[in-house]
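See structure below.
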Amino acid sequence: MAASILLLVVISSISAQTTQHPEPAIPSLKPSQLPTAYDIVSVKPHKDDPAVGSWWRTTSTGFSASGPVRSLVMSAYNLIMLDQISGLPDWAERENFDIEGKLDADTAEIFGKLSRSDQSRQRQLMMRELLADRFRLSVRVEEKDLPVYNLVIAKNGIKMKEVPPSENSGYRMGMGSINSKGMDVAALAASLSNPAGRKIIDKTGLTGKYEINLNWAWNDEPGSADAGPSIFTALQEQLGLKLEPAKAPIDVVLIDHIERPSEN
């Protein structure tokens, strides 16, 4: 189970290792103008060494990936923990697929004008459409009380430098680091949920933007060469924030139907 969670975290972090620039102004687009499906989709069973593991690359015109269907479902519904998905058949957990989705030039241009948060939302919707079309996926989404982390201010107070509200420089996230010249704490909580292995809920009450420079050990297994503090220790020592275990109602996806795709 721990290995599966780590694999999902690796996929997420690999796709997040590029610099995020300030969000562009949101264009005046009608809902009908927003892309809701990839123009070209390719799905093939992965035929190389399955031990290579999963990977995911996002580009301005789409994405390419190799991994189990479980990872695609978790991405489509913004799930963090394996406990948030139920009812997948064995093949959807263990068989890898090579998948590619592309937007045509006109659609990619429209997509590029969306804010970063709107792009993320549309990518999730397009992935849901891909899964419904190629895997005949149908689901129900319900809420269930599950373990989470509450992000709170540590005993000695915050250690972050507050910046002007107008500062919106995005962030850069790598395997064991996140840096920003202007980031709100709610966005920080969302970004750290995958590395922490649970959904993080911002309970700090902080509403400003802060300079963030956080570094932690990506692999804290005993004997790992990745020396450094755990994400829990790093948050307290470097930012003056703390993760507290809790339970909260969060989305759980129940699989009603799914089929192996036809190869193309």
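The values are calculated or read from the model by the stated rules, or taken from the named source; none is laboratory data. All values derive from a computational prediction rather than experimental measurement. Note that each Cβ is placed from the backbone with ideal geometry, even for glycine, and that neighbours are counted across all protein chains shown. The protein model used for the area step is the full one, side chains on, heavy atoms only, and it has no ligands, DNA or RNA in it. Shrake-Rupley method; radii C 1.70, N 1.55, O 1.52, S 1.80 Å.
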### Count - residues of the range 133-149 that are closer than 24 Å to Val43 by Cβ and either at pLDDT below 95 or not small (Gly, Ala, Ser) (or both)
8
### Query
Only one of (1) closer than 30 Å to Leu239 by Cα; (2) without any contact (Cβ under 8 Å) to a residue 60 or more places away in the chain; (3) outside any strand (DSSP E or B) is not met by Asp48, so which one is it?
(1)
### Task
Search the range 150-180 for residues being modelled with pLDDT of 90 or more and of a type in the set (D, E, K, R), and hand back the single one that is most open to solvent (accessible area, probe 1.4 Å).
Lys155
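Does Pro229 qualify as being in a loop (DSSP other than H, G, I, E, B), modelled with pLDDT of 90 or more, out of contact with any His (no Cβ under 7 Å at 6 or more places or on another chain) and within 20 Å of Ala196 (Cα to Cα)?
yes
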### Task
Go through (1) open to solvent by 70 Å² or more (accessible area, probe 1.4 Å); (2) touching a residue at least 24 places away in the same chain (Cβ under 8 Å); (3) within 30 Å of Asp39 (Cβ to Cβ) and name the single condition Ile80 misses.
(1)
### Task
Check Lys159, Lys102, Lys113, Lys144 and return the single one that is of a type in the set (D, E, K, R) and in contact with a Phe, Trp or Tyr (Cβ under 8 Å, 6 or more places away or on another chain).
Lys102
#### Entry: the range 31-58, subset of a type in the set (Ser, Thr, Tyr) and open to solvent by 50 Å² or more (accessible area, probe 1.4 Å), residue modelled with the lowest pLDDT
Ser32
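Using the structure shown, decide if Leu103 is touching a Pro at 6+ places or on another chain (Cβ under 8 Å) and either over 24 Å from Lys199 (Cα atoms) or among the acidic types (Asp, Glu) (or both).
yes
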## Note on the structure
Flagged in the range 95-149 as among the small types (Gly, Ala, Ser), open to solvent by less than 30 Å² (accessible area, probe 1.4 Å) and either assigned to a helix (DSSP H, G or I) or closer than 24 Å to Gly67 by Cβ (or both), in numbering order, are Gly101, Ala108
### Query
Regarding Ile250, is this residue modelled with pLDDT of 95 or more and either among the hydrophobic types (A, V, I, L, M, F, W, C) or on the phi > 0 side of the Ramachandran plot (or both)?
no
